[in-house]
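Please read the structure below before turning to the comments.
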Amino acid sequence: MLPGPSFAAIVLTALGAVRAVTLPLAPLSQRENTLIRRGAYRRLPRPHSRPSHRTLSSRAAYCASNKLVNWGCGDACDAVPGFQLEMAGGDGNLVQLYYVGYWPEQNAAVVAHEGTDPTQLMSDLTDVDILTKNLNTSLFPATKKIIQDNNADTVILVGHSLGGALAQLDALFMTLNLPSSIHVKAVTYGTPRVGNSAYAAWYDAMVPDFTRINNEKDPIPIVPGRFLGFEHPHGEVHIVAPGDAVSCPGDDDSTDAACTIATVPNIADGDILNHLGPYQGIHIGTIYCT
């Protein structure tokens, strides 16, 4: 269990506020001893512009659970051939959609979360609700079953928007509760901030294989504001234009012109349509589950 307040205290998008995962601040000398080294951003090679399995899996998380049966959700499922669904749930309204399954090519269990659907009223209210909520505990037994049944050696957590925040916390939970021989990887898209700077530094150390992808002027990654004490962990990849992305250094403190906090200094400078994508050439959201 996480130290401090309840492990699953999250989440917000531009619609409201979130209760942070707040940890005591370490002395500066300790916080500087992080896995992440400061430096200039690094432009990524062109292959990054092609949709990865993680991106496609995040899109499929917006598909209704009954459509995921037999992995039959249309183009969103067809784009991830060979995937073996273990379980799916949620209603996209009171409970975010999610699924868990096995990816044979990478010998990995995959856990995917739906993000905020602006067409669903209760989904939006989930974002503005600042009350603490617990993570879905049924996901962990399903993940363990996939590992045991397939001798899987990797767990991949993915999600977009609110789903990205859930995937981020899932990765920490899996790291703390699975054997150290299981590699935990998380990739999120358009994710709001989850905790404070001490949480970010701890996350850096606990989940080194973490990537958070931000698209152009999407305002969601800059909320809640840093002035409230919120801070992202490491791993920012910023898509500056279709087919052009950079890897940004540090946690949530890269002032390089190509990175998010310089590109979108406040919500008024953002473009909410960028929240839907394109991410590596595809859009993510309910209307793109076809």
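Could you tell me which residue of the stretch 206-244 is nearest to A262 (Cα to Cα), considering only residues that are among the β-branched types (V, I, T) and in a strand (DSSP E or B)? Give the steps one after another, and end with the answer.
Within the stretch 206-244, the subset among the β-branched types (V, I, T) is 207, 211, 213, 220, 222-223, 237, 239-240.
Subsequent filtering for residues that are in a strand (DSSP E or B) retains 211, 213, 237, 239-240.
Numbers: T211: 19, I213: 15, V237: 14, I239: 13, V240: 12 Å.
So the residue we want is V240.
In the stretch 179-201, which residues are among the hydrophobic types (A, V, I, L, M, F, W, C) and at pLDDT 95 or above?
Going through the stretch 179-201, the residues among the hydrophobic types (A, V, I, L, M, F, W, C) turn out to be 182, 184, 186-187, 194, 198, 200-201.
Within the stretch 179-201, I182, V184, A186, V187 qualify.
Here N107 passes the criteria (1) modelled with pLDDT of 85 or more; (2) of a type in the set (S, T, N, Q); (3) surrounded by 16 or more Cβ atoms within 10 Å (Cβ to Cβ) except the one numbered (3). If you go through the stretch 193-231 and keep only what is surrounded by fewer than 24 Cβ atoms within 10 Å (Cβ to Cβ), over 14 Å from D253 (Cβ atoms) and of a type in the set (D, E), you end up with D209, E216.
Pairs linking a residue in the stretch 192-213 that is among the polar types (S, T, N, Q) to a residue that is modelled with pLDDT of 95 or more, with Cβ atoms under 6 Å and 6 or more positions apart or on different chains, are T211/V187. Count of the stretch 273-290 residues, restricted to those that are at pLDDT below 90, among the hydrophobic types (A, V, I, L, M, F, W, C) and not in a loop (DSSP other than H, G, I, E, B), is 1. The set of residues from the stretch 176-205 being in a loop (DSSP other than H, G, I, E, B) and in contact with a strand residue (DSSP E or B) (Cβ under 8 Å, 6 or more places away or on another chain) comprises L178, I182, G190, T191, R193, V194, N196.
When residues in the stretch 206-262 are screened for being modelled with pLDDT under 90, acidic (D, E) and in contact with a Ser or Thr (Cβ under 6 Å, 6 or more places away or on another chain), 0 of them pass.
For V95, the criteria (1) assigned to a strand (DSSP E or B); (2) farther than 21 Å from T154 by Cα; (3) not aromatic (F, W, Y) hold in every case but one, which is (1). Across the stretch 163-187, the number of residues qualifying as in contact (Cβ under 8 Å) with a residue 40 or more places away in the chain and within 8 Å of the chain's Cα centre (by Cα) comes to 7. Does the stretch 165-175 contain any residue that is touching a Gly at 6+ places or on another chain (Cβ under 7 Å) and not in a strand (DSSP E or B)? Yes, that holds for at least one residue. Return the pair list, or none, for Cβ contacts closer than 9 Å from residues in the stretch 249-263 that are assigned to a loop (DSSP other than H, G, I, E, B) to residues that are of a type in the set (S, T, N, Q) and at pLDDT below 85, at least 6 apart or on different chains. The qualifying pairs are G250/T34; D251/T34.
Taking the criterion of being surrounded by fewer than 20 Cβ atoms within 10 Å (Cβ to Cβ) and either out of contact with any strand residue (DSSP E or B) (no Cβ under 8 Å at 6 or more places or on another chain) or not in a helix (DSSP H, G or I) (or both), the residues of the stretch 68-79 that qualify are G72, G74, D75, D78, A79.
Filtering the stretch 235-290 to residues that are buried (at least 21 other Cβ atoms within 10 Å of the Cβ), more than 18 Å from the chain's Cα centre (by Cα) and over 25 Å from A200 (Cβ atoms) leaves only C289.
The values are calculated or read from the model by the stated rules, or taken from the named source; none is laboratory data. Bear in mind the structure is a predicted one, so any value in this text is a computation, not a measurement. We place every Cβ from the backbone using ideal geometry, glycine too, and count neighbours over all the protein chains shown.
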